[in-house]
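Asks: So that we are looking at the same thing, I have put the structure below in structure tokens.
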Amino acid sequence: MPPVRATIADRAAAPADLTHPTAGGLTWRPWTRADVPALTALVRAVQEADGRDWFTPADEIAETFGAPAYDPAHTLLGIDADGTPLAYAHAEQFPTEGATILRSWLVGGVHPSRRGEGIGTELLAWATGRARQALAAHDGDPRLAGLPARIAVDLVDGDPAERRDLLRAGGFEPVRYYANLLRDLGAPVPAVGLEPPLRLVPWTDALEDAARLARNDAFRDHWGSQPRTAESWRAYRSSFAPQWSFLVVDESVRYPGSEHEQPGDTTVAPGTPYIVGLHRAGRHEHDWATQGYTAGYTELLGVRRAYRGRRIAVALLTHAMRVFADDGMQHAELDVDTDNPTGAPALYARLGYAKSDGSTLYAIEL
């Protein structure tokens with residue numbers, strides 16, 4: 001019999017009170033929507049100083065305020081005497097419907113002109129403490145109190161070494177590695193077909209919920225993946241490129257009443273085609289000049305577990321690559337967990353993708 005896990009309140013060990021950073025003499029307050037332009041400029045200054053050639057656009061920052069589980073109390077902005085933002089943090093929370101792990105994701109940074117003053121150390125301590133408080137607050141829900149929990153930070157490979165030292169000093173350890181891959185679209189792209197009753201179709205709004213359920217099934221065995229709610233599925237869509245996004249349906253199956261249904265599938269409108277594979281793409285045009293190339297970005301590629309081994313993923317990806325190229329893109333791009341359980345890294349290598357950079361997920365496991 002597995003041991004009983006302590007409640008999340010016990011494991012989170014949340015501080016009763018949080019102290020704002022005092023280093024640097026900044027004034028601290030939560031984010032507001034009016035801060036989007038200044039936050040965008042601050043985040044870009046931080047990313048440029050870190051050596052990035054891709055940047056977080058204003059649209060993406062603005063989306064944060066409408067995201068599921070957003071709470072301004074989970075944010076902090078440090079302002080100097082002139083009213084200029086010079087440091088920021090966000091302990092982002094996620095929906096808990098159907099969750100098997102509770103998560104808090106930390107982002108933050110300090111303007112390069114104010115580094116070395118201890119602001120980052122205190123800001124990370126505040127964000128970690130805020131995450132612990134938010135996770136401990138789930139203790140009152142018996143469905144959630146015994147779940148494992150994670151506080152995570154993403155570190156790009158080229159980020160300053162001091163950032164890794166800061167995270168380790170704050171109790172974070174590396175737990176997962178990711179690779180960003182590029183594929184030159186000037187090289188030939190193979191044509192891969194599908195056997196009936198499978199058929200590739202355009203991404204449409206009418207198929208959104210069926211696509212969400214297919215994604216949830218496809219990623220059930222992926223490390224750290226959690227089911228997307230209808231609300232969270234449609235969040236953070238500022239870069240979504242529907243013209244580059246495609247689905248594979250099994251034409252022998254319709255909702256409802258299929259033997260293939262998973263729990264929750266009955267939310268899909270009767271008669272909707274059964275989605276078994278999906279390719280969702282993003283268009284990050286704001287980065288093309290600094291990166292020095294144009295690219296179609298594969299944000300999601302997944303196949304329902306019962307349909308793996310039927311070349312659905314390769315059919316979707318090669319079709320998308322040809323569409324990217326027809327639209328004038330020079331590269332196809334995606335990010336992959338290097339320990340992906342489906343063997344995706346080997347598939348991408350066979351299709352001509354090569355690593356351009358990577359990242360490491362640092363975490364405190366609770």
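Asks: Does the stretch 57-68 hold any residues that are open to solvent by 50 Å² or more (accessible area, probe 1.4 Å) and not in a helix (DSSP H, G or I), and which are they?
Replies: Residue satisfying the conditions is Gly66 alone.
Asks: Would you mention how many residues in the stretch 134-186 are in a strand (DSSP E or B), farther than 30 Å from Asp326 by Cα, open to solvent by less than 20 Å² (accessible area, probe 1.4 Å) and not β-branched (Val, Ile, Thr)?
Replies: Of the residues in the stretch 134-186, 3 are in a strand (DSSP E or B), farther than 30 Å from Asp326 by Cα, open to solvent by less than 20 Å² (accessible area, probe 1.4 Å) and not β-branched (Val, Ile, Thr).
Asks: Say we look at the stretch 91-113 and pick out the residues that are outside any loop (DSSP other than H, G, I, E, B) and among the hydrophobic types (A, V, I, L, M, F, W, C); which of these is nearest to Gln226 (Cα to Cα)? Please lay out each step first, then the result.
Replies: From the stretch 91-113, those outside any loop (DSSP other than H, G, I, E, B) are 91-93, 102-110, 112-113; that's our starting set.
In the following step, the residues that additionally are among the hydrophobic types (A, V, I, L, M, F, W, C) were identified as 91, 102, 105-107, 110.
Values: Ala91: 18, Leu102: 9, Trp105: 14, Leu106: 17, Val107: 20, Val110: 30 Å.
Filtering first and then ranking leaves Leu102.
Asks: If you don't mind, another one. Residue by residue through the stretch 261-288, note down the ones that are modelled with pLDDT of 95 or more, part of a strand (DSSP E or B) and open to solvent by 10 Å² or more (accessible area, probe 1.4 Å).
Replies: Arg280
Asks: Which members of the stretch 15-35 meet the condition of being open to solvent by 40 Å² or more (accessible area, probe 1.4 Å) and not in a strand (DSSP E or B)? Give the steps one after another, and end with the answer.
Replies: First, the residues of the stretch 15-35 that are open to solvent by 40 Å² or more (accessible area, probe 1.4 Å): 15-20, 22, 25, 27, 29-30, 32-34.
The answer is Pro15, Ala16, Asp17, Leu18, Thr19, His20, Thr22, Gly25, Pro30, Thr32, Arg33, Ala34.
Asks: Just to be sure before I move on: is Trp28 among the aromatic types (Phe, Trp, Tyr) and either out of contact with any helix residue (DSSP H, G or I) (no Cβ under 7 Å at 6 or more places or on another chain) or farther than 28 Å from Val156 by Cα (or both) in the structure I sent? Explain how you work it out, then say what you get.
Replies: Working: among the aromatic types (Phe, Trp, Tyr): yes; either out of contact with any helix residue (DSSP H, G or I) (no Cβ under 7 Å at 6 or more places or on another chain) or farther than 28 Å from Val156 by Cα (or both): yes.
Answer is yes for this residue.
Asks: Residue by residue through the stretch 187-201, note down the ones that are assigned to a loop (DSSP other than H, G, I, E, B) and either within 30 Å of Thr294 (Cα to Cα) or touching a Lys or Arg at 6+ places or on another chain (Cβ under 9 Å) (or both).
Replies: Within the stretch 187-201, the subset assigned to a loop (DSSP other than H, G, I, E, B) is 187-197.
Across the stretch 187-201, the qualifying residues are Ala187, Pro188, Val189, Pro190, Ala191, Val192, Gly193, Leu194, Glu195.
Asks: Okay, next question. Name the single residue that is surrounded by the fewest Cβ atoms within 10 Å (Cβ to Cβ) among those in the stretch 221-245 being in a helix (DSSP H, G or I) and of a type in the set (Gly, Ala, Ser). Steps first, please.
Replies: First, the residues of the stretch 221-245 that are in a helix (DSSP H, G or I): 230-233, 242-244.
Those still in the list that are of a type in the set (Gly, Ala, Ser) too: 230, 232.
Numbers: Ala230: 14, Ser232: 17.
Filtering the stretch 221-245 for residues that are in a helix (DSSP H, G or I) and of a type in the set (Gly, Ala, Ser), the one surrounded by the fewest Cβ atoms within 10 Å (Cβ to Cβ) comes out as Ala230.
Asks: Do we have any residue at all in the stretch 203-217 that's under 15 Å from Leu301 (Cβ atoms) and in a loop (DSSP other than H, G, I, E, B)?
Replies: yes
Asks: Restricting attention to the stretch 114-137, does a residue exist that is touching a helix residue (DSSP H, G or I) at 6+ places or on another chain (Cβ under 7 Å), in contact (Cβ under 8 Å) with a residue 24 or more places away in the chain and closer than 19 Å to Glu231 by Cβ? Even if it seems obvious, please write down each step before you answer.
Replies: Pass one, the stretch 114-137, residues touching a helix residue (DSSP H, G or I) at 6+ places or on another chain (Cβ under 7 Å): 114, 117-122, 124, 130, 132, 134-136.
With in contact (Cβ under 8 Å) with a residue 24 or more places away in the chain added as a condition, the list becomes 114, 117-122, 124, 130, 132, 134-136.
From the residues that got through so far, the ones that are closer than 19 Å to Glu231 by Cβ too are 134.
Looking for residues that are touching a helix residue (DSSP H, G or I) at 6+ places or on another chain (Cβ under 7 Å), in contact (Cβ under 8 Å) with a residue 24 or more places away in the chain and closer than 19 Å to Glu231 by Cβ, one finds at least one in the stretch 114-137, hence yes.
Asks: Right, something else. Those residues that are open to solvent by less than 60 Å² (accessible area, probe 1.4 Å) and in a loop (DSSP other than H, G, I, E, B), I need them from the stretch 69-84; list them, please.
Replies: Selection gives Ala69, Tyr70, Asp71, Asp80, Gly83.
Asks: Take the residues in the stretch 324-349 that are within 24 Å of the chain's Cα centre (by Cα) and part of a helix (DSSP H, G or I), then tell me which one is surrounded by the fewest Cβ atoms within 10 Å (Cβ to Cβ).
Replies: Ala346
Asks: Any idea which of Val189, Val248 is closer than 30 Å to Lys355 by Cβ and surrounded by fewer than 21 Cβ atoms within 10 Å (Cβ to Cβ)? Write out each step before concluding.
Replies: Details: Val248 fails: surrounded by fewer than 21 Cβ atoms within 10 Å (Cβ to Cβ).
When all the criteria are applied, what remains is Val189.
Asks: Ok, one more. Considering only the stretch 36-48, I want to know if a residue exists there that is surrounded by 14 or more Cβ atoms within 10 Å (Cβ to Cβ), within 30 Å of Ser238 (Cβ to Cβ) and among the acidic types (Asp, Glu).
Replies: no
Asks: Then there is this: Determine if the stretch 292-301 includes at least one residue that is open to solvent by 40 Å² or more (accessible area, probe 1.4 Å), at pLDDT 90 or above, touching a Lys or Arg at 6+ places or on another chain (Cβ under 7 Å) and among the acidic types (Asp, Glu).
Replies: Within the stretch 292-301, one or more residues are open to solvent by 40 Å² or more (accessible area, probe 1.4 Å), at pLDDT 90 or above, touching a Lys or Arg at 6+ places or on another chain (Cβ under 7 Å) and among the acidic types (Asp, Glu).
Asks: Can you confirm whether the stretch 309-319 contains a residue that is without any contact (Cβ under 8 Å) to a residue 24 or more places away in the chain, part of a helix (DSSP H, G or I) and open to solvent by 50 Å² or more (accessible area, probe 1.4 Å)? Steps first, please.
Replies: We begin by selecting, within the stretch 309-319, every residue without any contact (Cβ under 8 Å) to a residue 24 or more places away in the chain; these are 309.
Still in the list and also part of a helix (DSSP H, G or I): none.
Among the residues of the stretch 309-319, not one is without any contact (Cβ under 8 Å) to a residue 24 or more places away in the chain, part of a helix (DSSP H, G or I) and open to solvent by 50 Å² or more (accessible area, probe 1.4 Å), which makes the answer no.
Asks: If a residue has to be modelled with pLDDT of 95 or more, of a type outside the set (D, E, K, R) and touching a strand residue (DSSP E or B) at 6+ places or on another chain (Cβ under 8 Å) to count, how many in the stretch 94-121 make the cut?
Replies: Summing the residues that are modelled with pLDDT of 95 or more, of a type outside the set (D, E, K, R) and touching a strand residue (DSSP E or B) at 6+ places or on another chain (Cβ under 8 Å) in the stretch 94-121 gives 13.
The values are calculated or read from the model by the stated rules, or taken from the named source; none is laboratory data. No experiment lies behind these values; they were computed from the predicted model shown. All Cβ positions, even for glycine, are placed from backbone atoms using ideal geometry, and neighbour counts span all protein chains on display. What goes into the accessible areas is simple: the full protein's heavy atoms, side chains included, and nothing from ligands, DNA or RNA. Shrake-Rupley method; radii C 1.70, N 1.55, O 1.52, S 1.80 Å.
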